[in-house]
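See below for the structure under consideration.
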Amino acid sequence: MSLHKGRARPLVMTSLVLLALAGFAASFYLAVSHYSILSGQRTGASFCSVSEVVDCDAVAASPYSEIHQIPWASFGALVYLLLISFGLLGLAFEPLSAFALRFTFLISLFCVLFDAYLAFIGFAVLKLICIVCIFTYLVNLGILVLSKVALGEGVRGIIKGAWRSLPFLDASLGEQRHMARLFHSLILVILIFGMAGIIGTRHHFVGDKAQTVAKILESFAQQRPVAIALEGSPRLGPERAKVTIVEFSDFQCPYCKEFASALKMLQKRYSRDLALYFKHYPLDNHCNPYMQRPFHQQACELAQIGVCIEKSGKFWEMDEVLFNSGKTSATSLAKALEARGLNPGEVYSCSGESWARDRVLQDIHEGRKLGVKATPTIFVNGYRLEGSLDSYILNLLVERFLEGRKP
């Protein structure tokens, strides 16, 4: 029994429109998350990144979430726009409801199959759960089932009906041919403007950054990669990573704070292939003999606190707190230490010991020998790069190294 005619038609088509609207909202959110994370516009965690396993941000920023720097979610949003249009047409014009439902079923069938692939990547490869992604999977499944039930036809019949509705293919359409032409014209218009929007968005965020990366690689070609002593330095990522980034940083440097967040998100994106190492280079003449005048007056103290936190293995849980410590009180810092199972008194006592100062000084001397004069300065597989970089440039740079391209 077909439900796309008579009294049931408004309910069926309205339900499809609402499901597609929900899917569009979720896909739009994921696409915005992808671009905002990789462009560095958003550094904090989203509402659905609640643990190391349940993390929408890590999924949205992963290499599997895109093709040619365009997130799959952007294409998902375009598909949902098509489905919304199909539903509205079927709601407004009863002769178009069968056309709309057949194409809705076929598109949602493809989406469900593609969802199975994405779910496999998320659960088996990334070992992550994306709540918003799962929501879109359920939406697609709901649209598939509802359109199938509403048509009351077998899959073969649906495919034949969709094929017959193509303009100029079957004379038996008779007076419905102009409806079919209207329907397919709408599809074409949405696809053209939708793809233009997707490509325009990519250009806005990515632009000519590939040329910037090419220039960086050219500058690397003028250098010899240096060996850096990494033992004892905080590491985030695999020990034998294909790409290693060593950052010389200062906890009172605002650019370092933004850059550190971008680097951590980059490591999430390439969790199997990228390792981050942190080196202290406080721009503070209290402990940095290469500083001729006062500058970041708490940087040495914070670096020594960081060294003591390193002993507990919780540096990467506390680095963001240390970067924000200039805007918070000592009480807030103590509470943050306690929240992570650290004794504030012991940490402060440790930071005043000579070995902590010597440990920071060791990083400073090493940095100076490597040509570090400002922060942030990073070394990508031994090649020096100064200044805070756009997240997309960092991403493209890491991809070039993973592809085996040498400067």
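What follows draws every value from the coordinates through simple rules; no lab data is involved. Please read all numbers here as calculations on a predicted model, not as lab measurements. Counting neighbours? That spans all protein chains shown, and the Cβs are built from the backbone with ideal geometry, glycine included.
Side notes on the structure shown:
- Convex hull of Cα atoms in the stretch 12-146, direction-averaged projection (nm²): 8.0
- Alpha-carbon centroid distance for the pair the stretch 82-99 / the stretch 204-282, whole angstrom: 51
- Geometric descriptor of the chain, per residue, is 166 Å³ (volume of the convex hull of the Cα atoms).
- Net charge, Arg340 excluded, C-beta distance under 12 Å - Lys, Arg +1, Asp, Glu -1: -2
- Applied to the stretch 218-225, the Karplus parametrisation 6.51 cos²θ - 1.76 cosθ + 1.60 on θ = phi - 60° returns per-residue 3J(HN,Hα) values of 5, 5, 5, 5, 8, 10, 10, x Hz, with x for Gly and Pro.
- Rounded to 5, percent antiparallel among DSSP beta bridges of the chain: 60
- A simple spin-label model places pseudo-atoms 7 Å from Cα toward Cβ; at Leu188 and Ser332 they are separated by 5.9 nm.
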